[in-house]
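Below is one structure, written out as structure tokens; comments come after it.
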Protein chains: 2
Amino acid sequence: MTSPSSHPLDTVFAALADPTRRAILTMLLEDDMAVTDVAHPFAMSLAAISKHLQVLADARLITQEKRGRVKWCKLEPDALRAASVWMQGFGQFDPVDLDAFERFLATELPDDPEI
Amino acid sequence: MTSPSSHPLDTVFAALADPTRRAILTMLLEDDMAVTDVAHPFAMSLAAISKHLQVLADARLITQEKRGRVKWCKLEPDALRAASVWMQGFGQFDPVDLDAFERFLATELPDDPEI
DNA sequence: CGCATATTCAACCAACCGGTTGACGATCAA
DNA sequence: TTGATCGTCAACCGGTTGGTTGAATATGCG
């Protein structure tokens, strides 16, 4: 499903680039969920959510286990941690300007309650 | 240049999803660079690199300043830190299984020397 | 069995992405 | 001025993405 030659970080970051998928991950923090229940709050078809879940599974950000007729989705934080480790390499090189950083967080992050 | 309604994290993660762009960021850790010098190690046209740099600038991962005829590219780690902060929210919820995590790092990360 | 529920598959679509090439505008230097 | 260098722009291309619909496949239930 994913091009075999792509770096694991490619698929992880690409998966995280979509707000629907980030919202799904946030929901899965609460608890494991069935596909239908994941789809419920979103204004899009079940098939679309099914595809999003496949993208997340390809990136190993979730796993899916079928029990009976329902497929349970479970958060799998290891891949996310690997990406986080990669990213932290960048923050550490200059002495952290906490003022600038908090200004950034204040102006950039809260403009959307969704996540 | 970027769709106005997209969340900042969308563009940051999308920018990070490409290995060429991650490599550029890594190069910029060393020092600020001119566009031509950024392009040098890559087997693709200058125009392609110029586009990649525009994507990174849209995501506020770098800034570009033109001095004379050369345009200098500078790493801007705040956006990266914001994404890192978002991600760390996930790692903290289950008691960290360090064994599993190290196994993950060992199998998933080193298969590509590039980054 | 017969029906409802859970999920995916297949085909299709418009939009976007990552790359190319060639022309172009700016800037420096002889 | 002439010419070289720096970088972007515009048009194009094939492949991917994110969504839609409708049919198909399991599975559970009365």
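The values are calculated or read from the model by the stated rules, or taken from the named source; none is laboratory data. These figures come from a predicted structure and were not determined experimentally. Heads up, the Cβs are rebuilt from the backbone with ideal geometry, glycines too, and the neighbour counts pull from every protein chain shown. We work out accessible area using only protein heavy atoms, side chains counted, and drop any ligands, DNA or RNA first. Shrake-Rupley method; radii C 1.70, N 1.55, O 1.52, S 1.80 Å.
Can we say A:Trp72 is of a type in the set (Phe, Trp, Tyr) and within 8 Å of DNA strand C (Cβ to nearest atom)?
It is true that A:Trp72 is of a type in the set (Phe, Trp, Tyr) and within 8 Å of DNA strand C (Cβ to nearest atom).
Select, from A:Val70, A:Val55, A:Val85, the only residue that is open to solvent by 20 Å² or more (accessible area, probe 1.4 Å) and more than 15 Å from DNA strand D (Cβ to nearest atom).
Going through A:Val70, A:Val55, A:Val85 in turn, just one is open to solvent by 20 Å² or more (accessible area, probe 1.4 Å) and more than 15 Å from DNA strand D (Cβ to nearest atom): A:Val85.
What about A:Thr26, is it within 13 Å of DNA strand D (Cβ to nearest atom), β-branched (Val, Ile, Thr) and out of contact with any Cys (no Cβ under 9 Å at 6 or more places or on another chain)?
no
Does region A:16-34 contain at least one residue that is within 8 Å of DNA strand C (Cβ to nearest atom) and either farther than 19 Å from B:Ala79 by Cβ or exposed (fewer than 15 other Cβ atoms within 10 Å of the Cβ) (or both)?
Within region A:16-34 (the criterion being within 8 Å of DNA strand C (Cβ to nearest atom) and either farther than 19 Å from B:Ala79 by Cβ or exposed (fewer than 15 other Cβ atoms within 10 Å of the Cβ) (or both)), the answer is yes, since at least one residue qualifies.
If I go through region B:35-64 residue by residue, how many of them are away from DNA strand C (no atom under 11 Å from the Cβ) and touching a residue at least 40 places away in the same chain (Cβ under 8 Å)?
Summing the residues that are away from DNA strand C (no atom under 11 Å from the Cβ) and touching a residue at least 40 places away in the same chain (Cβ under 8 Å) in region B:35-64 gives 2.
For region A:1-14, check the following and say yes or no: at least one residue is more than 14 Å from chain B (Cβ to nearest Cβ), over 25 Å from B:Ser6 (Cα atoms) and open to solvent by 70 Å² or more (accessible area, probe 1.4 Å).
Yes, that holds for at least one residue.
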